[in-house]
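*Asks:* Please find one structure pasted underneath; my questions will follow.
The values are calculated or read from the model by the stated rules, or taken from the named source; none is laboratory data. Since this is a predicted model, take the numbers as computed values, not measurements. Here the Cβ positions follow ideal geometry from the backbone for every residue, glycine too, while neighbour counts run over all protein chains shown.
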């Protein structure tokens, strides 16, 4: 069945990921992988079919065979890594926009803390378009990667959901926190208004996070928790 404008409204997240998942068509340094989050199985299948039939430069489009832990699905789109990738992604998004009504797409590159508004310019600035550039970029993005940043954690898994991180630990409820900032430790503290909070309630919350997440220097500033690791910091708000 052909899709029409707005058929997928409220069913696709406006934040998608680039190079966060491994390619099944080839080596990661040769293939760019987009991943969209979709609310249910049928719209995920519809989106896969739409992309596969509509864009000759797409090597493959597929969805997760079953729902994720949160009940949603991922749609993966694979493309050859070359200089045309930014404009090709914009072409795909133009079609997805007609189906979803989304006009504020953002992308997160390689499990980055930061989601970036989409334009051909921002895509060109962040996506490596050659094998050599990919290898350099992945090394440079080591700590701006929530999986690597929380490498001292006691948790089983950490994942991103729009502007939130979700931590999962065995025998404990998931912990969801909103990303408020990431960068060098000094830059993060300078970006946060307010004072360091040292009341007993605040210290108890910091102790809980230390036990849940691991051995990090954690400071609470005006309701936001700052985690430090090797000269970098991420500011997270508990939800």
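*Asks:* Using beta carbons and a limit of 7 Å, which pairs, at least six apart or on different chains, have the first residue in the range 207-218 and touching a residue at least 60 places away in the same chain (Cβ under 8 Å) and the second one buried (at least 19 other Cβ atoms within 10 Å of the Cβ) and part of a helix (DSSP H, G or I)?
*Replies:* Pairs found: none.
*Asks:* With assigned to a loop (DSSP other than H, G, I, E, B) and closer than 17 Å to residue 162 by Cβ as the only criterion, which of 10, 4 stands out?
*Replies:* 10
*Asks:* In the list 166, 138, which residue meets the criterion of being within 23 Å of residue 22 (Cβ to Cβ) and either at pLDDT 90 or above or part of a loop (DSSP other than H, G, I, E, B) (or both)?
*Replies:* Being within 23 Å of residue 22 (Cβ to Cβ) and either at pLDDT 90 or above or part of a loop (DSSP other than H, G, I, E, B) (or both) holds for just one of 166, 138, which is 166.
*Asks:* On to the next question. Looking at the range 170-193, I want the residues that are free of Cβ contacts under 8 Å to residues at least 40 places away in the same chain and have a partner that is surrounded by fewer than 14 Cβ atoms within 10 Å (Cβ to Cβ) and in a loop (DSSP other than H, G, I, E, B) with Cβ atoms under 8 Å, at least 6 apart or on another chain. Which pairs are those?
*Replies:* 170/156; 193/222
*Asks:* Does the range 172-205 hold any residues that are within 25 Å of the chain's Cα centre (by Cα) and not in a strand (DSSP E or B), and which are they? Give the steps one after another, and end with the answer.
*Replies:* At the first step, the residues of the range 172-205 found to be within 25 Å of the chain's Cα centre (by Cα) are 172-192.
Those that are within 25 Å of the chain's Cα centre (by Cα) and not in a strand (DSSP E or B): 172, 173, 174, 185, 186, 187, 188, 189, 190, 191, 192.
*Asks:* What residue, of 194, 183, 223, 214, is at pLDDT 90 or above and at positive phi?
*Replies:* Going through 194, 183, 223, 214 in turn, the sole match is 183.
*Asks:* Take the range 152-161 and flag every residue that is assigned to a loop (DSSP other than H, G, I, E, B) and either free of Cβ contacts under 8 Å to residues at least 24 places away in the same chain or under 13 Å from residue 70 (Cα atoms) (or both).
*Replies:* 156 - this is the single residue of the range 152-161 that is assigned to a loop (DSSP other than H, G, I, E, B) and either free of Cβ contacts under 8 Å to residues at least 24 places away in the same chain or under 13 Å from residue 70 (Cα atoms) (or both).
*Asks:* If I filter the range 21-32 down to residues being within 23 Å of residue 122 (Cβ to Cβ) and touching a strand residue (DSSP E or B) at 6+ places or on another chain (Cβ under 6 Å), which single residue comes out as surrounded by the fewest Cβ atoms within 10 Å (Cβ to Cβ)?
*Replies:* Looking at residues that are within 23 Å of residue 122 (Cβ to Cβ) and touching a strand residue (DSSP E or B) at 6+ places or on another chain (Cβ under 6 Å), I get 21.
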